[in-house]
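Structure in structure tokens, see below.
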There are 2 protein chains.
Amino acid sequence: MSQGEGVDLETSLGYLLKEASSALRSAMEEVLRPLGMSVTHYSCLELLAQRPGLSSSELARGAFVTRQSMNTLLQSLERGGEVTRPARAPVGKVLPTRLTAHGRRRLAAASAAVRSVEVRMLAGLSEDEQADALRLLRSMTQALRGDGEAREQG
Amino acid sequence: MSQGEGVDLETSLGYLLKEASSALRSAMEEVLRPLGMSVTHYSCLELLAQRPGLSSSELARGAFVTRQSMNTLLQSLERGGEVTRPARAPVGKVLPTRLTAHGRRRLAAASAAVRSVEVRMLAGLSEDEQADALRLLRSMTQALRGDGEAREQG
DNA sequence: TGACTCATGTCAGGAGTCTGACATACGCTT
DNA sequence: AAGCGTATGTCAGACTCCTGACATGAGTCA
């Protein structure tokens, strides 16, 4: 510990990452609130728009929550008529989920709101810097996930 | 596998930021769990080590939780003998919090564990890239915070 | 074919965090 | 000096998300 005391939070990438993520989440909640939508709710819809037929578990991984939490959300979204799931699994236990027309409309509004936040976040960053940020973030995530093993990607 | 086209999540800085943050949090929880410590718990201790005498509200802002949540945590930390707060406020209502020797020992173990995670996260990034990441993250956070309008003051 | 492994959906219980509300203490303006 | 707005600490209730556990269905291999 003799050398570790001078951990300046302002130069800790971990802290800054958390700070940025927190700021992004707050900003998203702020613009989503008027629409009566949570960040997880929006994430779920966005995921479904891009990859129709995803299962609850796949949606959960994509939105970074547990499959139990996602399942609870999906049940309410089904009641609200934003998504549909077959009563019985076509194959296995997997219930493919799809957006309804209503869900798509809800997503459209939310997507525009979220996009404005992202635009604001990127303000002041050049194209090259944005590309750098993408690459850096990917590198960090991959390093955190893979336990010291180089994993090839498609 | 079934990658569509349209809006690609893989090129959304917001999504990647959330993904990286999620991976970091998971990694931290994993190494902190054996110590019986949560991420917020660790953050609180780390903050106190660097800025002794912080109030509950200041700690809350630094750890990105509400002051109510931080207060609940501080009460349990007080019971556990990791921090101390005066019974009455020296000035105003602010109760300056400080680490005890026990708290410092707890932090030392946690800090080492977290440091290993951060080292892993930074693996594969050059000094320059790390500096870039810091700068980029700061820029995004600042752009997100100034949501109202020009009312910024460091 | 049968055992084993893995993934999924779901139920139940609990820990952590948030919103809302209230009293108190400080600084600034009038 | 008094009023007003802001910030803090705290209590209470509600909610979200998580951990743990169970049964079911698919894929793999002997």
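What is the mean number of Cβ atoms from other protein chains located within 10 Å of the Cβ atom of each residue in peptide A:34-41, rounded to a whole number?
Whole-number average of other-chain Cβ neighbours for A:34-41 is 0.
Per 5 Å bin from zero, what fraction in whole % of the C-alpha pairs of region B:65-131 is there, up to the bin with the longest pair?
In whole percents, the pair-distance histogram is 4, 14, 15, 17, 14, 11, 10, 9, 5, 2.
For chain B, with a Gaussian network of springs between Cα atoms less than 10 Å apart, report the residue from B:Ala109, B:Ala143, B:Ala63 with the top mean-square fluctuation.
Comparing B:Ala109, B:Ala143, B:Ala63 in the GNM, the peak value goes to B:Ala143.
What span do the alpha-carbon atoms of region B:24-144 cover on each of the three principal axes, reported in whole Å from largest to smallest?
Between the extreme Cα coordinates on each principal axis of region B:24-144 lie 49, 36, 20 Å.
Right, next: Could you work out how far helix B:67-79 tilts from the main Cα principal axis of chain B, as a 0 to 90 degree angle to the nearest 10?
With rounding to tens, the tilt is 50 degrees.
Then there is this: Say we join alpha carbon atoms closer than 10 Å with springs in a Gaussian network model of chain B; which of B:Ala89, B:Ala123, B:Ala131 then has the biggest fluctuation?
Among B:Ala89, B:Ala123, B:Ala131, the largest GNM mean-square fluctuation belongs to B:Ala131.
Here is a further query. Return the average number of partner chain Cβ atoms within 10 angstrom of each residue Cβ along peptide B:116-124.
5
Next question, about the same structure. In Å², rounded to the nearest 100, what is the total accessible surface buried by chains A and B against each other with a 1.4 Å probe? Each step should come with its number before you reach the end.
Numbers: alone 11140 and 11200 Å², together 17070 Å².
Accessible area lost upon association: around 5300 Å².
Enter the angle in degrees (range 0 to 90, nearest 10) between the Cα long axis of helix A:127-145 and the first principal axis of the Cα atoms of chain A, meaning the one along which they spread out most.
Tilt of helix A:127-145: around 80 degrees.
While we're on this one: Starting from the eigenvalues of the Cα gyration tensor, five times each then square-rooted, give me the equivalent ellipsoid semi-axes of the protein assembly as shown, largest first, whole Å.
One finds semi-axes of 36, 23, 21 Å for the protein assembly as shown.
Counting GluC sites (Glu not before Pro) as exposed when in a DSSP loop with at most 11 other beta carbons within 10 Å, what is the longest stretch of chain A free of them?
Answer - A:1-148.
Across 10 Å bins from 0, what is the distribution of all Cα-Cα pair distances for region B:1-84, in whole percents?
Using 10 Å bins, I get a P(r) of 16, 37, 25, 13, 8, 2 for region B:1-84.
Can you give the longest run of chain B that contains no trypsin sites (Lys or Arg not before Pro) sitting in a DSSP loop with at most 15 other Cβ atoms inside 10 Å?
Formally, the longest exposed-site-free interval is B:1-87.
Could I ask something else about it? Just to confirm the numbers: B:Arg145, label point 7 angstrom along the Cα-Cβ line, distances to the other copies in nm, shortest first?
Shortest to longest, the spacings are 3.1 nm.
The values are calculated or read from the model by the stated rules, or taken from the named source; none is laboratory data. These figures come from a predicted structure and were not determined experimentally. Cβ: placed from backbone, ideal geometry, glycine included. Neighbour counts: every protein chain shown. Side chains are part of the model used for accessible areas, which takes the heavy atoms of the whole protein and leaves out ligands, DNA and RNA. Shrake-Rupley method; radii C 1.70, N 1.55, O 1.52, S 1.80 Å.
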